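See below for the structure under consideration.
The values are calculated or read from the model by the stated rules, or taken from the named source; none is laboratory data. Predicted model only: the values in this text are computed from it and were never measured. Reconstructed Cβ throughout: ideal geometry from the backbone, glycine too, with neighbour counts over all protein chains shown.
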Amino acid sequence: MSQLSSRHLLGIKDITSDDIQLIFETADNFKEVLNRPIKKVPSLRDITIANIFFENSTRTKLSFELAEKRLSADVVNFSSSNSSVKKGETLIDTVNNILSMKVDMVVMRHSSPGAPHFLSRNIKANIVNAGDGTHEHPTQALLDAFSIREKLGDVAGKKVAIIGDILHSRVALSNIFCLQKLGAEVMVCGPVTLLPKHIDSLGVIVEHDVQCALAWCDVANILRIQLERQQIKYFPSLREYSLYYGVNKKMLDTLDKEIVIMHPGPINRGVELNSDVADSEHSIILHQVENGVAIRMAVLYLLAGVR
Amino acid sequence: MPILLRSLRFIDSEKTHSPKDYVIVDHQVLPRENSNIDSFDEEIDCSNFLASEGWVDLRCASGEPGEEQRETIESLGELLANSGFAKAVVMPNAKPVFQNKNDVQFFLSKTANWLTEPILQAALTKDALGEDFTDILDLNQQGINVFGDGVSPLSNPDRLMKALQYLKKFDGILFDQSYDPMLAIFGQMHEGIVSTRLGMKGIPNLAEDVCVQRNVEICKYTGGRLHFQTLSSAASINSIRKAKSEGLSVTADVSLYQLLFTDEDLVSFDTNYKVVPPFRSKEDRTALIEGLKDGTIDAIVSNHQPMEFDAKHMEFDLAQPGMIGLQTFLPGMVKLSEELGWPLLISKITSGPKSVLGLEPTASFGSLTIFDPKEQWAYNKKSNLSLSANHPWIGSQLQGKVKMIFNKGKLAKF
C-alpha cells in the first residue's frame, strides 16, 4: 500500500492502522531528510497549502509551516482569533476566498468539533485537521505514537497513561484511537470532573490516582489543563490540581522502573508537570516536537498523492 | 355538497376497518349506511387509501412575526393542511412572542383562512423568559386555554407551581418542555458513547429526568393540568408512568423524529440532526416506544421547527437546534407502522392529543385525513412546502402521501 485510504486527515478515528503504518514509514524517510545538510525536497512543488488557524497556535502552526516548506510547497497563512468568527458563513467564506486563489490543501485549526468535517463537505481541497475543539488532533497523536515507537521500538503491547484534562483535550481522543489501533493499552487518569462520563466505552482503563497511573504505565502522556476551554469550574484551584494531579520527580523516584514522559505542549510548568520531570532524561518532549515536522511532512506528502 | 368516498379503509385506535363507503355531508363524515343520501356531487375512489379522523399536532412553530424567512403563518398553514393536520397547537416563540391580546388577534387574523384549526399556545411568561407571568386571564378571555413558553423550559419551579395553581381557575393546560438548562449547559448532543467519540459536550438524560420528576411532584402538590412535551429519556417516561398510576392530571408527548433517529445519526456532524431534546440512545428510544404502547405517552408531535439555511449551514456547535417535521410526518409514521401498527399510531395523533386538549371523543367526525401509505414521492427543494429545508431527508425518496383532508366543511385534495 502506498496511498492513504482517505483524501483528508480529519481524525484518527477515520483512518486505518495500515494508514498509520504508512505514515510512520514515510515519516522515517523524511526524518532522515531533516537530518541532511540540505533539508528540503521538491515533493510538493506546485502544491499550494493554506494554513487556516481560527484558534491560537504557535507550535502546531510552526511545525506545519516548516513541514510544508521542507516539501517545497507554496504556503499561505491565515489566522483569526476565535472571537471574530461567530458564524459558519465566515468559515465557509474565508476558506472559499482562499481556495479561489487556487489552493490545493487546507490545514485548519478550529474551536468547533467537526468543523473540518463540515468543510470537507463543502470544498474540494484536501483537508488536514490541525485540531477541532475537543474532538481530534490527529497529527499530534501520530507524532506521539511515532515518538513512542522511536523510543521503545514498538507501540504494540505498551501501556500508555494519558493524565490530566481529558474532557477538554483533543489530543486525548486522537491518542486513544491511535494507540489502540497500534495495539497499545491505554489508561486515562484525572479528576472525575475532567473525564468524559462515558470514556470507559472507548475501551480505556479509568484511574483517578496519578501515582497508581504512573506505576501502571510504560509511557505517561501528561496533558495540559485547558483553562481557556473551561467555561465553568471543574476543580477548586490550580494549587490543589498541581498537588494531587501534577507529576514531579519525587513521584517518579518511587517507581521501580523507568517510564517515558511525554507532553504535547505548551507545558503549564508547576501545574501538571514540574520542570524536574519535563527537563529530565525521562522526558521525550523535545523529540515529539522534532518528530512533529517529519510526521506532518509524511501526512501532507501522502495526501497530495490521493488528490 | 354530499361527497361519496368509495372503499375507504378507516383506522381508529382499535383497528383498521374493512373497506367501506363514507359520506361527507353537512360538515360531517358518516358511514354511508348511517346516511340516507343517494345522490352525490362527487364520488371518489379511495380503494388504495387509508383514513382516520383529522390529525392533531400539539407542537409546531412558525417564524412570523420576526423570522419570516423560516416560516410564515401562511406557509405553516399550507404545510399543516398538506400534511394531514386538522388541528395544530402553534408555539408562541415568534419575535415578539405571542403574549397579549393584540398578538392573539394578529394570529387569529393571519390564520383565518387556514384549513387547519389553529390553537395558539400563548406565552406563560413575558417574552418566554420564565419570570413574570403574562396576563393569563386576559388571554383566556381571548379563547386561549393552552399556555407555555414553547421552546423555553419553565425552569424556575416557583413559576411552574404558581402557574399550575393560577390556571386552575379555568382548567387551563400548561405545556412544558421540561429540562434543567443548567444541567444541559453548553451541551450539543446526547451525552453518551457517541458524544464521547465526537469530543462533543453532551446533554445528559439527567437534565430531563430530574426536571420531569420535580415537575410531577409540583403537579401533585398543586393539582392542575400539566402536559410534558417532547420527552426523550427512559427515566422521564417512568416518572410520567408513575404519576399517571397515581391519578395525577399529567399527559405527555414525544416528537416523531425522536422515534426515527438516535445519537448515532450525528457521527457526521450533520447539523440537521441537532435538535432539543437531543436524539438519545437506542435504549431511550425503546423506552419511548414502550411508553407509547402502554399509554404513558399520549401523543406524537411534529415538533416542526423551521430554520433557514444560514442558521444551519455552519459548525455544529454554532448551528441552531431544530428540524422541520410536517411533510415528513406521514413518511415517518409509515416507517414506524410495522413496529407499532396503524391503530396505535393514529390514536397518538387523534384521540390522544384531543384528550390532552380536553376535547371529548365524538361519535361522528367533523374532519378526515385520507392518505396513501404506499405512494412514493421525491422530497426535494421543489416539493418541500416549508420555507426552510432543515431535514436530513431532503433529497430522498419518501413513502406515504396525504391525499385529502376534510376540515371546516371543506375538502382539499393534494
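Applying the condition of being outside any helix (DSSP H, G or I) and within 20 Å of B:V151 (Cα to Cα) to the range B:232-260 and asking which residue is nearest to the other protein chains (Cβ to nearest Cβ) yields B:S233.
In the range B:317-328, the residues that are in contact (Cβ under 8 Å) with a residue 60 or more places away in the chain and within 11 Å of another protein chain (Cβ to nearest Cβ) reach residues that are hydroxyl-bearing (S, T, Y) and assigned to a loop (DSSP other than H, G, I, E, B) with C-beta atoms within less than 9 angstrom, at least six apart or across chains, in these pairs: B:D317/A:S111; B:D317/A:S112.
Close contacts from the range A:211-239, counting a first residue that is at pLDDT below 90 and a second that is among the small types (G, A, S), with Cβ to Cβ under 7 Å and a gap of 6+ residues or different chains, come to A:I225/A:G164; A:Q226/A:S169. Looking only at residues in the range B:162-198 that are part of a helix (DSSP H, G or I), within 14 Å of chain A (Cβ to nearest Cβ) and not hydrophobic (A, V, I, L, M, F, W, C), which one is surrounded by the most Cβ atoms within 10 Å (Cβ to Cβ)? Ranking the qualifying residues of the range B:162-198, first place goes to B:S195.
In summary, B:S155 fulfils each of the numbered conditions (1) in contact with a Gly (Cβ under 8 Å, 6 or more places away or on another chain); (2) of a type in the set (G, A, S); (3) within 14 Å of chain A (Cβ to nearest Cβ) with the single exception of condition (3). For the range A:264-282, enumerate the residues that are over 19 Å from A:L243 (Cβ atoms) and touching a strand residue (DSSP E or B) at 6+ places or on another chain (Cβ under 9 Å). Of everything in the range A:264-282, those that are over 19 Å from A:L243 (Cβ atoms) and touching a strand residue (DSSP E or B) at 6+ places or on another chain (Cβ under 9 Å) turn out to be A:P264, A:S280, A:H282. Applying a threshold of 8 Å to beta carbon distances and a minimum spacing of six or more residues, or different chains, the list of pairs starting in the range B:98-115 at a residue that is surrounded by fewer than 13 Cβ atoms within 10 Å (Cβ to Cβ) and ending at one that is not hydroxyl-bearing (S, T, Y) reads B:Q105/B:Q142; B:N113/B:G77. Looking only at the range B:299-313, residues that are in contact with an Asp or Glu (Cβ under 7 Å, 6 or more places away or on another chain) and within 11 Å of chain A (Cβ to nearest Cβ) come to 1 in all. Here is the figure for the range A:27-54: residues that are out of contact with any Asp or Glu (no Cβ under 8 Å at 6 or more places or on another chain) and closer than 25 Å to A:D132 by Cα total 5. The test for being surrounded by fewer than 17 Cβ atoms within 10 Å (Cβ to Cβ) and touching a Ser or Thr at 6+ places or on another chain (Cβ under 7 Å) holds for B:S7.
Scan the range B:199-208 for residues that are of a type in the set (D, E, K, R) and either within 14 Å of chain A (Cβ to nearest Cβ) or over 22 Å from the mean Cα position of the chain (by Cα) (or both) and jot them down. Talk me through it step by step, then tell me what you get.
Step one: of the range B:199-208, the residues of a type in the set (D, E, K, R) are B:201, B:208.
Correct list: B:K201 only.
Looking only at the range A:181-188, decide whether some residue is in contact (Cβ under 8 Å) with a residue 40 or more places away in the chain, within 12 Å of chain B (Cβ to nearest Cβ) and out of contact with any strand residue (DSSP E or B) (no Cβ under 6 Å at 6 or more places or on another chain). The answer is no; no qualifying residue exists. Considering only the range A:163-177, I want to know if a residue exists there that is touching a residue at least 40 places away in the same chain (Cβ under 8 Å), away from every other protein chain (no Cβ under 13 Å), over 15 Å from A:I52 (Cα atoms) and assigned to a loop (DSSP other than H, G, I, E, B). Within the range A:163-177, one or more residues are touching a residue at least 40 places away in the same chain (Cβ under 8 Å), away from every other protein chain (no Cβ under 13 Å), over 15 Å from A:I52 (Cα atoms) and assigned to a loop (DSSP other than H, G, I, E, B).
The residue list A:S112, A:S120, A:S57, A:S79 contains one member that is buried (at least 16 other Cβ atoms within 10 Å of the Cβ), over 21 Å from A:V299 (Cα atoms) and not β-branched (V, I, T), which is A:S112.
Every residue, every condition in (1) outside any helix (DSSP H, G or I); (2) closer than 22 Å to B:H227 by Cα, yes or no:
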position	(1), (2)
B:R280	yes, yes
B:R285	no, yes
B:P306	yes, no
B:V334	no, no
B:E339	no, no
B:S355	no, yes
B:E360	yes, yes
B:D372	yes, no
B:E375	yes, no
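Do any helices (runs of 4 or more DSSP H) entirely within the range A:84-154 hold 1 or more residues that are of a type outside the set (G, A, S), more than 13 Å from chain B (Cβ to nearest Cβ) and touching a residue at least 60 places away in the same chain (Cβ under 8 Å), and if so, which? Full working, then the answer.
Working: elements: A:88-99, A:115-120, A:138-152.
Per the criteria, A:138-152.
Elements of the type helices (runs of 4 or more DSSP H) sitting completely within the range A:224-307 and holding at least 3 residues that are at negative phi and in the same structural domain as A:N29 (by TED's automatic domain parsing): these cover A:285-305.
Sort through B:L387, B:L398 and tell me the only one that's in a strand (DSSP E or B) and either in contact with a Cys (Cβ under 9 Å, 6 or more places away or on another chain) or buried (at least 18 other Cβ atoms within 10 Å of the Cβ) (or both). Break it down stepwise before answering.
Numbers: B:L387 fails: in a strand (DSSP E or B).
Matching residue, one of B:L387, B:L398: B:L398.
Yes or no, residue by residue, for (1) β-branched (V, I, T); (2) over 30 Å from A:L195 (Cβ atoms):
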position: B:L137; (1), (2): no, yes
position: B:N140; (1), (2): no, yes
position: B:V146; (1), (2): yes, yes
position: B:N156; (1), (2): no, yes
position: B:R159; (1), (2): no, yes
position: B:K169; (1), (2): no, yes
position: B:L183; (1), (2): no, no
position: B:I203; (1), (2): yes, no
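Tell me yes or no: at least one residue of the range B:128-142 is closer than 18 Å to B:P353 by Cα and at pLDDT 95 or above. The answer is no; no qualifying residue exists. The number of residues in the range B:44-72 that are among the β-branched types (V, I, T) and either part of a strand (DSSP E or B) or over 28 Å from B:K95 (Cα atoms) (or both) comes to 2.
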